[in-house]
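Chemist: To start, I am sharing the structure in question, which I have written as structure tokens.
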Amino acid sequence: MSDSDDGEVDKVLIASVHDVKYVMSLLRGVQFGSRATVRATSGGLSVTVEEARTLLATAFIFKDIFDEYSYHPEVVPASQGLSSQPSSQPQEEGEPTAFEVPLNTLIECLSVLGNIGGSTSSSKHRLWHTGNSDQEGEQEEGSSNRANSTRNRGPANGRIDQYFAGDKGTGMRLSYVGAGYPLTLLMAEEASGPTATCEVTTFEAEPMLELDFLESPTVLKIILKSSWLRDALSELDPTCEKLTIIGNPPPPPGRASRASGPPRLRLQAVGTFGSTEMDYPSDKEVLETCECEQQVRFSYLFKHIVRASRALQNSTKTSLRINEEGMLSLQLISPTARPRHDGGNTSGFIEFRCLPLDEDP
Amino acid sequence: MRFRANIEHVNTFYKISQAVEKLQKRCIIKFTESEMHIICNNDAGEGGIQVWSQIKVSSLFTDYRIQSNANNEIFLALSAEAMTAALRSAAAPSGQQGAFSADAEVVVRLVKRSDVATLSFEILTTTRMGRGVRIAHDVRIEILKREDVSRLKEPMCPEPEVHILLPPLAKLRTVVERMRPLAADVIGIRANLSGCLQLCAQTDAARVDVSWNGLSNPTMAQDPSTQDPDNSEARDPTTLYGVLVSLKSLQKFLNSHVVSTTTIACICQNHCIIMYVYIGEVAEAGGVLTFYVPAIIE
């Protein structure tokens, strides 16, 4: 890293994006806890936050979300001189490069130029309630592009802002030289506006909590619209302590049992002032898919589950799975609605994994 | 001692008053035959920021009459908040809230009511329904004695290293606001002679620099008393000169974004930063609010 040209090559990670909003919305989805572990691989970034060794929230930001993404894992210094080792080292995907950052600070840095409002969720909220969100999203995107045919095309989250503030995406370039170096962010708006350079202190990554969902067989698998889950969580009394998720197998065929049978999915919350039950009927409109062989019943700390609310706001679809051990996996898809011709994977997602409460049977 | 004037540009006066009010509870106003000076000399010790302003009488008032034994000058101290409140009811309605029409006639005069000196704002306007209304605000004032006045001194500053035209204050304000959690109450301001301005903040968690390029460096009239009038030419145009200021003071200054059109910042390295907030266009020279923000010396 003697001079700047070499430094560019040596950097472990370089990623740039012309509008930072989408990345921000993914990061905000896991914004709890003070530190986040960032893992970089050749496929993209993952940002993980852990709470109470029970909850693990990870935002996956795939490399196609970035306009530019290059990852050169640090070569182990020992292999420097030998000719046989270094050739094999970078090829295979070894351990990802991991480091910790203060997540709040990172988010504050990304929004330092000021035009990234957290208010975009309200507009999306309205969209989803009308049903076919994908189509509407595209229409909106199309018209906004026509309205301001400037160079930058913001992702879906910025649509409303584009109408009011013109096309004002904040471009961002992120780079990380390697262990011991800060995470450098370079941000700029339109040509006349200011540019910001931030250096976020990084820390050595601590060993992460291992929650392997596939360790034991899945017993409940549901795909539903995120708004159904988000609305349910927001209805619940925030003082609740415990949230129980109950899944039931499909009712036996026959009209009578269909109406009176148990709901496919029930959320049950118990708090100081009483308990709440919410039932999701067996309807394709509500539960897109629901796989459940026999009754499943697991409880979680409500304060852990409610951490997902913010991420739910920015997502369209949720996959809710529970395995035999009771581990809950919530995968929340956040679409970018950004047109891509090369067919890359442009939708990032956020995954929450949560261990159940131990309960007396 | 007599004083009477019509406030012609109520909105401008109101905005100035707003900017001052956020800075300090009490301010000093000096009326002379040609100018109005608003002075906040930081007696309360709020961050050390001072304001010395001079506004031409013609850019605020018409029908201006002043008379006093002290060279036709009047010095008074009053509550900035009360003055703002008085002007608020005279200012043109903004949006739906204003109950009165815009063409208010506002007269301000010095009045003594039962041995209490007041500055009386009399507002004649009409409601939306077309009925005439008369509003009067009496703002209690304190006439300053000559010895108090003689103690008021504008801060002395060395010749600034850099003069630079600031970007719109509203924009600057958002950035500073956003930098607040990233700064440990101190923000660095740096500028050079080739149009670059930087704001810097640093904590253990992050270091942030926000920079503007392509700003202009106005040529200021040199103070003839300085010994080396051509030393700005000698300076390297890319060297950044900076001061550290308290974030709170900077935010207080940025409250003046309501009134600003053009703002020039002068940096006296490690001493202070002086901001000239022009009221109206610079060419008209309607008035200027001068903010002195002292540097924090590490």
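Chemist: Using the Cα centre of the range B:157-294 as the reference point, and only Cβ charges (+1 on K/R, -1 on D/E), how large is the resulting charge dipole? Debye, rounded to the nearest 20.
Modeler: Magnitude of the dipole: close to 700 debye.
Chemist: Farthest toward the dipole's positive end in the range A:213-354, which of A:Leu229, A:Gln313, A:Gln294, given Cβ charges of +1 (Lys, Arg) and -1 (Asp, Glu) about the Cα centre?
Modeler: It is A:Gln313.
Chemist: Given a cut-off of under 8 Å on Cα pairs at least six residues apart, what relative contact order in percent is computed for chain B?
Modeler: Over chain B, the number comes to 19 percent.
Chemist: Taking 0.36 nm per intervening residue step and subtracting the Cα-Cα distance, what contour gain separates B:Thr126 from B:Ala70 on full extension?
Modeler: 16.3 nm
Chemist: Taking 8 Å as the Cα distance limit and 6 or more residues as the minimum spacing, I'd like the relative contact order of the range B:157-294 as a percentage.
Modeler: Taking the mean separation of contacting Cα pairs over the length of the range B:157-294, I get 29 percent.
Chemist: Right, another one. Using the alpha-carbon centroid of each, what span in Å lies between the range A:292-330 and the range B:255-277?
Modeler: Each part reduced to its Cα centre gives a spacing of 54 Å.
Chemist: Averaged across the residues of B:198-209, what count of C-beta atoms belonging to other chains lies within 10 Å of each residue's C-beta?
Modeler: Per residue, the number of nearby Cβ atoms from other chains is 6 on average.
Chemist: Please work out the FRET efficiency for the pair B:Ile297 and B:Lys22, using the Cβ-Cβ distance as r and a Förster radius of 35 Å; give the result to the nearest 0.05.
Modeler: It comes out at approximately 0.85.
Chemist: Please give the average number of partner chain Cβ atoms lying within 10 Å of the Cβ of each residue in A:100-113, rounded to a whole number.
Modeler: 4
Chemist: Now a separate question. Kirkwood Rh, the range A:213-354, all Cα pairs: how many Å?
Modeler: With all distinct Cα pairs of the range A:213-354 included, I get 16.0 Å.
Chemist: If eta is 1.306 mPa s and T is 10 °C, what Stokes-Einstein diffusion coefficient results for chain B, Kirkwood Rh from Cα pairs, in µm²/s?
Modeler: Estimated via Stokes-Einstein, D reaches 77 µm²/s.
Chemist: Separate question: How high is the FRET efficiency between B:Lys248 and B:Arg109 when r is their beta carbon distance and R₀ equals 51 Å, given to the nearest 0.05?
Modeler: Once rounded, the FRET efficiency stands at 0.90.
Chemist: For the range B:157-294, what class follows from the C-alpha gyration tensor (a ≥ b ≥ c being the square roots of its eigenvalues): rounded when a/c is under 1.5, otherwise prolate if a/b is larger than b/c, else oblate?
Modeler: Judged from the Cα gyration tensor, the range B:157-294 comes out oblate (a/c at least 1.5, b/c at or above a/b).
Chemist: Pull up the cross-link candidates among the lysines for B:Lys153, meaning alpha carbon to alpha carbon under 27 Å and not fewer than 8 places away within one chain.
Modeler: Filter leaves B:Lys15, B:Lys22, B:Lys25, B:Lys30, B:Lys56, B:Lys145, B:Lys248, B:Lys252.
Chemist: Given 20 °C and 1.002 mPa s, how large is the Stokes-Einstein diffusion coefficient of the range B:2-150 in µm²/s, with Rh as the Kirkwood radius over Cα pairs?
Modeler: The diffusion coefficient I find is 135 µm²/s.
Chemist: What FRET efficiency do you get for B:Ala77 and B:Ala184 if R0 is 25 Å and r is their Cβ-Cβ distance, rounded to the nearest 0.05?
Modeler: So, using R0 = 25 Å, E works out to roughly 0.10.
Chemist: What size of dipole, in debye to the nearest 20, comes out for the range B:1-44 about its Cα centre when the only charges are +1 on Lys and Arg C-beta atoms and -1 on Asp and Glu C-beta atoms?
Modeler: 160 debye
Chemist: Which order, highest average first, do A:281-288, A:213-220 follow once you tally other Cβ atoms within 10 Å for each residue and take the mean per peptide?
Modeler: A:213-220, A:281-288
Chemist: Computed over the Cα atoms of the range B:180-219, what is the convex hull's projected area averaged over all directions, in nm²?
Modeler: 3.1 nm²
Chemist: If you don't mind, another one. Choose one of B:Leu166, B:Leu119, B:Met1: the residue whose Cα lies farthest towards the positive end of the charge dipole of chain B (beta-carbon charges +1 Lys, Arg; -1 Asp, Glu; about the Cα centre).
Modeler: The residue sitting farthest along the positive end of the dipole is B:Leu119.
Chemist: Treating the beta-carbon of each Lys and Arg as +1 and of each Asp and Glu as -1, no other charges, what is the dipole magnitude of chain B about its Cα centre, to the nearest 20 debye?
Modeler: So the dipole magnitude of chain B works out to roughly 1240 debye.
Chemist: Kirkwood hydrodynamic radius, the range A:168-242, all distinct C-alpha pairs: what's the number in Å?
Modeler: 18.0 Å
Chemist: Between A:Thr54 and A:Glu190, how many nm apart are label points set 7 Å from Cα along the C-beta direction?
Modeler: It works out to 5.0 nm between the two label points.
Chemist: For peptide A:190-201, how many partner chain Cβ atoms fall within 10 Å of a residue's Cβ, on average?
Modeler: Counting other chains' Cβ atoms within 10 Å and averaging over A:190-201 gives 6.
Chemist: OK, next. Could I have the simple spin-label model distance between B:Asp138 and A:Lys221, label points 7 Å from Cα toward Cβ, reported in nm to one decimal?
Modeler: In this crude label model, B:Asp138 to A:Lys221 measures out at 8.3 nm.
FYI, it's all coordinate maths here, none of it is from the lab. All figures in this text were calculated on a predicted structure; none of them were measured in a lab. Note that we place each Cβ from the backbone using ideal geometry, even for glycine, and neighbour counts take in every protein chain shown.
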